[in-house]
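**Student:** Quick one: structure below, then a few questions.
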Amino acid sequence: MNNNEIIDHVVVPGTFDPVTFGHLDVIRRARRLFPKVTVGVAASARKHGVGPTFSLDKRVQMIRDALVEEGISERVDVQPFTGLLVGFCEEVGAGGVVKGLRAMTDFEYELQQADLNYHLSPDMESIFVMSSPEYGCVSSSIVRELASLGSDVSFLVPPSVERCLRERFGKGAR
Ligand code: PNS
């Protein structure tokens, strides 16, 4: 059976540890394409045996602050979630998931996730936007590494996130 409903609400999911200009670029694009966007912040207990650097509450707050700072908070809600992404989408009433693609390595990973999500919830659309070339090299792990080594990260994250990195890494982050 086909679902022909028009999608008016999407989720932009991620761990956002922390949110970067790359994520904000994807949220900005999703917001141009759909009337309502929910940023879904995954609890993401462990990745490679290590938990996120920032607490779930802090990651949610950093995104809310960054959206205001970037002037894209209208029509964008930010909510934490635990469990399955498709379950969260159903909970908030979203018909699709929007993610950014930077390189072929992203594509393989995202295709696998999209396939999995399709099997879990066939009506949930997986929608991809191409990252702007200037954000091709941006990732949360690179931001954390540079900040912990005392490097300037102002070209990767908004000022409010930079402040949080400085608090987290102390003198490490400039
Ligand atoms: O920013 P990330 O860490 O690449 O985001 C990955 C995320 C949170 C979108 C993905 O891990 C996810 O969907 N997690 C929720 C659990 C889930 O639904 N798993 C099955 C589909 S992969």
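**Student:** Being basic (K, R) and assigned to a strand (DSSP E or B) is the filter; apply it to the range 1-60 and report the residue that is farthest from F81 (Cα to Cα).
**Tutor:** Residue satisfying both the conditions and the ranking: K36.
Residues are listed down the side, and each one gets a yes or a no for (1) more than 24 Å from F21 (Cβ to Cβ); (2) not hydroxyl-bearing (S, T, Y):
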| position | (1), (2) |
| --- | --- |
| A66 | no, yes |
| P80 | no, yes |
| P122 | yes, yes |
| S132 | no, no |
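**Student:** Of these, F81, F169, which one is modelled with pLDDT under 95, touching a helix residue (DSSP H, G or I) at 6+ places or on another chain (Cβ under 9 Å), among the aromatic types (F, W, Y) and on the phi < 0 side of the Ramachandran plot?
**Tutor:** Just one listed residue meets the conditions, F169.
**Student:** Same structure again: Determine which member of the set R102, R59 is touching a strand residue (DSSP E or B) at 6+ places or on another chain (Cβ under 8 Å) and within 23 Å of R29 (Cα to Cα).
**Tutor:** So the residue among R102, R59 that is touching a strand residue (DSSP E or B) at 6+ places or on another chain (Cβ under 8 Å) and within 23 Å of R29 (Cα to Cα) is R59.
**Student:** Still on this structure, I have one more. Can we say V41 is out of contact with any Asp or Glu (no Cβ under 6 Å at 6 or more places or on another chain) and more than 10 Å from the ligand (Cβ to nearest atom)?
**Tutor:** no
**Student:** Within the bounds of the range 67-77, is there any residue that is open to solvent by less than 70 Å² (accessible area, probe 1.4 Å), among the hydrophobic types (A, V, I, L, M, F, W, C) and within 16 Å of the ligand (Cβ to nearest atom)?
**Tutor:** No, because not a single residue in the range 67-77 is open to solvent by less than 70 Å² (accessible area, probe 1.4 Å), among the hydrophobic types (A, V, I, L, M, F, W, C) and within 16 Å of the ligand (Cβ to nearest atom).
**Student:** From the residues in the range 85-99 that are open to solvent by 20 Å² or more (accessible area, probe 1.4 Å) and either among the basic types (K, R) or within 15 Å of the chain's Cα centre (by Cα) (or both), which one is nearest to D123 (Cα to Cα)?
**Tutor:** Going through the qualifying residues, I end up with L85.
**Student:** For the list (1) more than 9 Å from the ligand (Cβ to nearest atom); (2) closer than 27 Å to V161 by Cα; (3) open to solvent by 20 Å² or more (accessible area, probe 1.4 Å), I need the number of the one condition that S132 fails.
**Tutor:** All conditions pass for S132, except number (3).
**Student:** Now, a different point. Could you grab me the full set of residues in the range 100-109 that are more than 9 Å from the ligand (Cβ to nearest atom) and either out of contact with any Gly (no Cβ under 8 Å at 6 or more places or on another chain) or open to solvent by 30 Å² or more (accessible area, probe 1.4 Å) (or both)?
**Tutor:** L101, R102, A103, M104, T105, F107, E108
**Student:** Moving on to the next point. Of all residues being in contact with an Asp or Glu (Cβ under 9 Å, 6 or more places away or on another chain) and open to solvent by 40 Å² or more (accessible area, probe 1.4 Å) in the range 5-20, which is modelled with the highest pLDDT? Just the residue, please.
**Tutor:** Only one residue fits best here, namely I7.
**Student:** Of all residues in the range 114-133, how many are in contact (Cβ under 8 Å) with a residue 12 or more places away in the chain, part of a helix (DSSP H, G or I) and not aliphatic (A, V, I, L, M)?
**Tutor:** 1
The values are calculated or read from the model by the stated rules, or taken from the named source; none is laboratory data. Note that this is a predicted model, so its numbers are computed, not measured. Heads up, the Cβs are rebuilt from the backbone with ideal geometry, glycines too, and the neighbour counts pull from every protein chain shown. Accessible surface is based on the protein model in full, side chains and every heavy atom, while ligands, DNA and RNA are left aside. Shrake-Rupley method; radii C 1.70, N 1.55, O 1.52, S 1.80 Å.
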